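Participant: Encoded as structure tokens, here's the structure I'll be asking about.
The values are calculated or read from the model by the stated rules, or taken from the named source; none is laboratory data. Quick caveat: nothing in here was measured; it's all calculated off a predicted structure. With ideal geometry, Cβ positions are generated from the backbone for all residues, glycine too; neighbour counts draw on all protein chains shown. Please note that ligands, DNA and RNA were not included when accessible areas were found on the heavy atoms of the full protein model with its side chains. Shrake-Rupley method; radii C 1.70, N 1.55, O 1.52, S 1.80 Å.
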Amino acid sequence: MPQLHDVDYTLEYPYTRTTGPVIGPFLTGLRDGRILGQRCGDRVLCPPMEFDPDSFATLEPDLVEVGPGGEVVNWTWVAEPSAKHPFDRPFGFAFIKLDGADTDLVHAVDTGGDPQAMSTGMRVRAQFRDERHGSVADVYFVPEADAADQVIEPGEEPVTITEHLIGLRINEPLYPHRARFAQGLLDGKIIGQRSPVTGKVYVPGRGYDNMSRVLMSEADEVEVSDVGTVVAFTELNPVQYYGQTETEPYVRCSILFDGTDQPVIGIDIRDMTVDEMRVGMRMRCIWRDPEERSVEDIDNRYGNIPETVYARFEPTGEPDIPADELKEHSW
Amino acid sequence: MVSLAEDVAIVAFEQTPSHAHFNDSEPAMIMPCVNSVIEQVGMDRHDIDFTIAGSCDYLSGMPFAFVMNIDAVGAWPPVYESHVEMDGAWALFEGFVRLQSGDIDTVLVSGSGKCSPGSYREGFSLQTDPYVHAPIGLDPRTQAGFQAQALIAAGKATERDFAEVVARSHANAKNNPYAQLSGDLSVDELLAEPYVQQPLRRLDCPPTSDGAAAMVIARADKARELCDNPVWIRAIDHRIDSHHPTLRDLTDSPSVRIAADRVGLHDGPVDIAELTVTYSPEEIILRDALGLNGETAVNPSGGPLTGSPFMAVGLTRVIELARAIRNGDGGRGVAHASSGPALQQNLLCVLEGDN
């Protein structure tokens, strides 16, 4: 039989940023195997900046090559790398004063996992990754004695946009009330929560009544009907954003189940066109066979009644409910 | 020191315990705190003039998670409401400033965060420079490691000093029912632990925590009407150092020094300091920058090393100080909140009792 599971997802966004007149050449340089600093009076700033960090005066772009060698002036050892670090084995992060620069660059030093190899004053040298994208992650550092000579083919166009795929991994159990709601769906039941203050029934419950500011528990839970009334619908024309899996238009509706006070939103209809939908139409849930039901898309925030538990919603043929009687629920 | 247009006091406060994992939603975590402070002042929810919360969507793992948190503050029918993507201490700051305009009397402030479902190291690396720091995952623990190493290199502290901060914090937390960690630790045993971020060990770093805090603040006349023992907010200030750690002297905190001057910290006795010591070396920097001597009790609650629900932890420092003043443990003190890596941003709040 299908089972409940912990919530485990990664929320990702690809950020693209314009690079501007100073960072652009810096990232272009990294792609092409060179590190550039910005002149600021008689100093050279690396990482380069568009402004004087002391006076905040704007600096005209004036870039000069620094490194590839440098000296570690501060460091810390990362015993437990995160998924966002440049290495998946322990490594050092360091302040590196590159030869020819007057400020320090923060970057990663790979010593093959050996913290004993790190020290203040040690010499390091830049190494460039085989695949470079015009990002500060195109480069890393190693102890100077370990550095290999590299031949880097310069790219063609200057880097004017840099892309950074950010990601947050979320991993936690289903909250108790979400677990009971999800188990209900696997059992072919819709579980709601009845407010102990107002008596209103919410589906799915959130574990509280936000109108009365009271927490709700298993004692407040009720099984509700799987027959209800369409209170809103629309046709979705999928925009091809990052992560989109839908390609064709489809209908999404909200259904107010009998005996409840809050419609369940986001119910997808695949076998009816938008022209066949009506506010007030009576619909019944036709469940999938028990062994075919899945609630893997239900997490602690998203997921009401997913398509993975129902085969379709079917008009009951009863007379429509007048829309005027539903106006408190048109969401 | 800035003179105030309006005297403002804390009239009610509440916090959750620092949970290793709170297995329900963030609104469900905040709601009992909000209900408690409203009950303490005996007001109808909708008679509170302004509502403001601090939280972080990157921690919650959902865009606009802060909107869901409004469920917890009783926002229907609609209320006058705002949010900061900062610790609740900054929500308090905005509420305090809002009261200075003199046209409203009361503000409901909250702060909340759940660190346990995600990785704060990954999430908070995204608040660093997006071109040169975030793409290499430069996380707050790494920056704390740099700060610790800088202190050692400058001869301002040793790893034993860090361990002593940890041991004292955990011992203080034995009296704090909200603390997540507490107990008697031996400095030598702490120093025998392995590094997680050399030169930092596990207990030099904060535990993973979930928690929330809330308070009601009010203008003077209203404050006296609402409670018998208001705790006065004498001053608040917030200052920022560069987000480039390599452009800072990591062994000092110029922003704390400026803020301490602006709030007139030493214009009166500093009996208690509740400091956002997220990593043990920060206490050494903060004591120095605040000019504290042996007469000030530092983190009698145990501080964030014993429970660190990000986005509530700074507001909780204010609450711990207010509670200590109400309990008569001191007459005047300072609460400190921090944001950004390695004490990059600092907020100071001076509280004083009614006497």
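Participant: If the only charges are +1 at each Lys and Arg Cβ and -1 at each Asp and Glu Cβ, what is the size of the charge dipole of the stretch A:90-154 around the Cα centre, to the nearest 20 debye?
Facilitator: 160
Participant: Taking +1 at the Cβ of each Lys and Arg and -1 at the Cβ of each Asp and Glu, which of B:VAL231, B:MET43, B:ALA157 sits farthest along the dipole of chain B towards its positive end, judged by Cα position relative to the Cα centre?
Facilitator: Farthest towards the positive end: B:ALA157.
Participant: Taking a ≥ b ≥ c as the square roots of the Cα gyration tensor eigenvalues, with a/c under 1.5 meaning rounded and otherwise prolate when a/b beats b/c, else oblate, which class fits the protein assembly as shown?
Facilitator: oblate
Participant: Need one number: nm distance between label points at A:HIS5 and B:ASP329, each 7 Å from Cα along Cα→Cβ, rounded to one decimal.
Facilitator: With each label placed 7 Å out from Cα toward Cβ, I get 4.7 nm.
Participant: Express in Å², to the nearest 10, the accessible area of A:TYR15 obtained by rolling a 1.4 Å probe over the protein heavy atoms while all chains stay in place.
Facilitator: That residue has around 80 Å² of solvent-accessible surface.
Participant: For chain B, set up a Gaussian network in which alpha carbons nearer than 10 Å are linked by springs, and say which option among B:ASN176, B:ASN229, B:ASN327 fluctuates the most.
Facilitator: B:ASN327
Participant: Something else: Sorting B:PHE162, B:PHE124 by accessible area (1.4 Å probe), largest first, what list results?
Facilitator: Result of the area sort, largest leading: B:PHE124, B:PHE162.
Participant: For the stretch B:261-318, calculate the relative contact order in percent as a whole number, restricting contacts to Cα pairs under 8 Å that are 6 or more residues apart.
Facilitator: 44
Participant: Given points 7 Å out from each Cα along the Cα-Cβ axis, report the A:GLU144 to A:ASP268 separation in nanometres with one decimal.
Facilitator: 5.9
Participant: Given B:GLY314, B:PRO17, B:VAL166, which one lies farthest toward the positive end of the charge dipole of chain B, if we put +1 on the Cβ of every Lys and Arg and -1 on the Cβ of every Asp and Glu?
Facilitator: Most positive-ward Cα: B:VAL166.
Participant: Just B:ALA212, B:ALA163, B:ALA312 to compare: in a GNM of chain B, with alpha carbon springs under 10 Å, which one fluctuates most?
Facilitator: B:ALA163
Participant: Just to be sure I follow: if Rg is taken over the C-alpha atoms of the stretch A:256-331 and Rh is the Kirkwood radius over the same atoms, what is Rg/Rh?
Facilitator: Dividing the radius of gyration by the Kirkwood radius yields 0.97.
Participant: Okay, next question. Please compute the contact order of chain B in relative form: average sequence separation of alpha-carbon pairs under 8 Å and at least six residues apart, divided by the residue count, as a percent.
Facilitator: Relative CO of chain B lands at 26 percent.
Participant: In sequence order, what are the phi-derived ³J(HN,Hα) couplings for the stretch B:42-53 according to the Karplus relation 6.51 cos²θ - 1.76 cosθ + 1.60 with θ = phi - 60°, rounded to whole Hz, with x for glycine and proline?
Facilitator: Once rounded to whole Hz, the list reads x, 9, 6, 3, 7, 8, 7, 6, 9, 10, 9, 10.
Participant: Which translational diffusion coefficient, to the nearest whole µm²/s, is obtained for the stretch B:1-69 from the Stokes-Einstein equation, given a Kirkwood hydrodynamic radius over C-alpha pairs, 4 °C and 1.567 mPa s?
Facilitator: 89
Participant: Let me ask another. When the label point is put 7 Å from the Cα of A:SER330 along its Cα-to-beta-carbon vector, which residues of the stretch A:246-282 have a backbone N closer than 20 Å?
Facilitator: Correct set: A:251-258, A:260-267, A:274-282.
Participant: With every protein chain left in place, what is the accessible area per residue of chain B in square angstrom, probe 1.4 Å?
Facilitator: About 33 Å² of surface per residue is accessible.
Participant: What would the Debye equation give as log₁₀ I(q)/I(0) for chain B at q = 0.06, 0.07, 0.10, 0.14 Å⁻¹, counting only Cα atoms as equal point scatterers?
Facilitator: Once normalised to I(0) and log-transformed, intensities are -0.19, -0.26, -0.55, -1.13.
Participant: Okay, next question. In percent, how large is the relative contact order of chain A, given Cα pairs closer than 8 Å and 6 or more residues apart?
Facilitator: 16
Participant: Let me ask another. Debye calculation, C-alpha points only, no solvent: report log10 I(q)/I(0) for the stretch B:124-258 at q = 0.12 Å⁻¹, in the same order as the q values.
Facilitator: For the requested q values the scattering log ratios are -0.73.
Participant: To the nearest 0.05, how large is the calculated FRET efficiency for A:LYS189 and A:TYR13 if R₀ is 30 Å and r is the Cβ-Cβ distance?
Facilitator: The formula returns an efficiency of 0.25 here.
Participant: Still on this model: Taking a quarter of the surface of the Cα convex hull of chain A, what do you get in nm²?
Facilitator: Convex hull of Cα atoms, orientation-averaged projection: 25.1 nm².
Participant: Expressed as a whole percentage, what fraction of the accessible surface of the stretch A:20-159 belongs to carbon and sulfur atoms when a 1.4 Å probe is rolled over the protein heavy atoms?
Facilitator: 46
Participant: Given the rule -39500 (n - 2.57) for each run of at least 4 DSSP H residues, summed and divided by the residues of the protein assembly as shown, what is its mean residue ellipticity at 222 nm, to the nearest 500 deg cm²/dmol?
Facilitator: Estimated from H runs of four or more residues: -6000 deg cm²/dmol.
Participant: State the extension gain, in nm to one decimal, for the chain segment bounded by A:THR308 and A:GLU153, taking 0.36 nm per residue of separation less the distance between their alpha-carbons.
Facilitator: 50.8 nm
Participant: May I pose another question? Please compute the Kirkwood hydrodynamic radius of the stretch A:28-78 from all pairs of different C-alpha atoms, in Å with one decimal.
Facilitator: After inverting the pairwise mean of 1/r, the radius is 12.3 Å.
Participant: Please give the FRET efficiency for B:ALA192 paired with B:THR158, using the beta carbon to beta carbon distance and R0 = 22 Å, rounded to the nearest 0.05.
Facilitator: After rounding to 0.05, the efficiency reads 0.90.
Participant: Spin-label point model (7 Å from Cα, Cβ direction): what's the B:SER36 to A:GLU218 distance in nm?
Facilitator: 2.6
Participant: Quick one: Cα centre-to-centre distance for the stretch A:45-87 and the stretch A:217-236, in angstrom?
Facilitator: Using only Cα atoms to place each centre, the spacing works out to 55 Å.
Participant: Would you kindly calculate the translational diffusion coefficient of the stretch A:20-159, applying Stokes-Einstein with the Kirkwood radius from alpha carbon pairs, for 20 °C and a viscosity of 1.002 mPa s, and quote it in µm² s⁻¹ without decimals?
Facilitator: Answer, rounded: 139 µm²/s.
Participant: Just how much of A:ARG282 is accessible, in Å², when a 1.4 Å probe is used and the result is rounded to the nearest 10?
Facilitator: About 20 Å², rounded to the nearest 10.
Participant: Now for a separate question. If I fit a long axis through the Cα atoms of helix B:313-326 and take the longest principal axis of the Cα atoms of chain B, what angle between them do I get, 0 to 90°, rounded to 10?
Facilitator: The answer is roughly 70 degrees.
Participant: Sorted by accessible area with a 1.4 angstrom probe, largest first, how do B:ARG248, A:ARG34 fall?
Facilitator: So the residues, ranked largest to smallest area, are A:ARG34, B:ARG248.
Participant: Give me the net charge of B:LYS156's neighbourhood, meaning all other residues with Cβ under 10 Å from the Cβ of B:LYS156; Lys, Arg count +1, Asp, Glu -1.
Facilitator: -3
Participant: For the stretch A:174-329, give the percent of accessible area contributed by carbon and sulfur heavy atoms, probe 1.4 Å, rounded to a whole number.
Facilitator: Result for the stretch A:174-329: 47 percent of the exposed heavy-atom area is carbon or sulfur.
Participant: With a/c under 1.5 counting as rounded, go ahead and sort the stretch B:256-355 into rounded, prolate or oblate using the C-alpha gyration tensor (a ≥ b ≥ c being the square roots of the eigenvalues; past the cut-off, prolate if a/b is larger than b/c, else oblate).
Facilitator: Oblate is the answer for the stretch B:256-355, as a/c is 1.5 or above yet b/c matches or exceeds a/b.
Participant: What fraction, in whole percent, of alpha-carbon pairs in the stretch A:174-329 exceed 20 Å separation?
Facilitator: Looking at the stretch A:174-329, the distances longer than 20 Å represent 52 percent of pairs.
Participant: Note down the magnitude of the dipole of the stretch A:20-159 about its Cα centre, charges +1 on Lys and Arg C-beta and -1 on Asp and Glu C-beta and zero elsewhere, to the nearest 20 debye.
Facilitator: It comes to approximately 280 debye.
Participant: Among A:SER195, A:GLN262, A:TYR175, which residue has its Cα positioned farthest towards the positive end of the charge dipole of chain A, with +1 placed on the Cβ of Lys and Arg, -1 on the Cβ of Asp and Glu, and the dipole taken about the Cα centre?
Facilitator: The residue sitting most towards the positive pole is A:SER195.
Participant: A follow-up question, please. In debye to the nearest 20, how big a dipole does the protein assembly as shown give about its Cα centre with +1 on each Lys and Arg Cβ and -1 on each Asp and Glu Cβ?
Facilitator: Approximately 960 debye in magnitude.
Participant: If you plug each phi of the stretch B:277-290 into the Karplus form 6.51 cos²θ - 1.76 cosθ + 1.60 with θ = phi - 60°, what whole-Hz ³J(HN,Hα) values come out, in order, with x for Gly and Pro?
Facilitator: In residue order, the calculated couplings are 8, 6, 10, 3, x, 5, 5, 5, 5, 5, 4, 5, 5, 7 Hz.
Participant: For the stretch B:250-281 and the stretch A:138-207, what is the separation of their C-alpha centers, rounded to whole Å?
Facilitator: 37
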